[in-house]
């Protein structure tokens with residue numbers, strides 16, 4: 001029976017998850033220790049984390065009440081447009097989890113939702 005895994009993965013030595021991550025990073029020549037691998041991975045997710053933080057802030061503004069609905073919607077539209085620009089200008093390896101599909105498709109989705117929320121936020125009157 002043939003084994004699908006490469007020969008190095010089938011070796012008798014067993015490693016933990018941290019050892020595998022450090023070995024893979026060292027083999028790639030990018031990072032020498034597991035701590036540096038986790039630190040480098042964290043920086044690559046910074047644009048995504050900033051977008052998530054902006055989205056949470058916008059939803060918190062909306063949650064304050066109907067008088068803040070327009071402001072929260074405009075903040076959320078701005079966050080989505082910033083996400084579109086970030087995805088457009090950042091290379092794939094720096095975009096982190098913002099890069100889930102092809103670049104132009106990601107940019108188009110963020111931009112369409114951002115412009116749609118911007119138009120809705122500006123066109124809909126404030127209730128009350």
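The values are calculated or read from the model by the stated rules, or taken from the named source; none is laboratory data. Here the structure is a predicted model, which means the values were calculated and not measured. For neighbour counting, all protein chains shown are included, and Cβ atoms are generated from backbone atoms with ideal geometry for every residue, glycine included.
Output the residues belonging to region 91-128 that are within 12 Å of the chain's Cα centre (by Cα) and either free of Cβ contacts under 8 Å to residues at least 12 places away in the same chain or in a loop (DSSP other than H, G, I, E, B) (or both).
Hits for region 91-128 are 92, 99, 100, 101.
Which of the residues that make up region 94-128 are in contact with a helix residue (DSSP H, G or I) (Cβ under 7 Å, 6 or more places away or on another chain), surrounded by fewer than 14 Cβ atoms within 10 Å (Cβ to Cβ) and within 18 Å of residue 47 (Cα to Cα)?
Correct list: 97, 100.
Residue 53 is checked against (1) surrounded by 15 or more Cβ atoms within 10 Å (Cβ to Cβ); (2) at pLDDT 95 or above; (3) within 30 Å of residue 126 (Cβ to Cβ) and fails just one. What number does that condition carry?
Checking residue 53 against (1) surrounded by 15 or more Cβ atoms within 10 Å (Cβ to Cβ); (2) at pLDDT 95 or above; (3) within 30 Å of residue 126 (Cβ to Cβ), the one that fails is (1).
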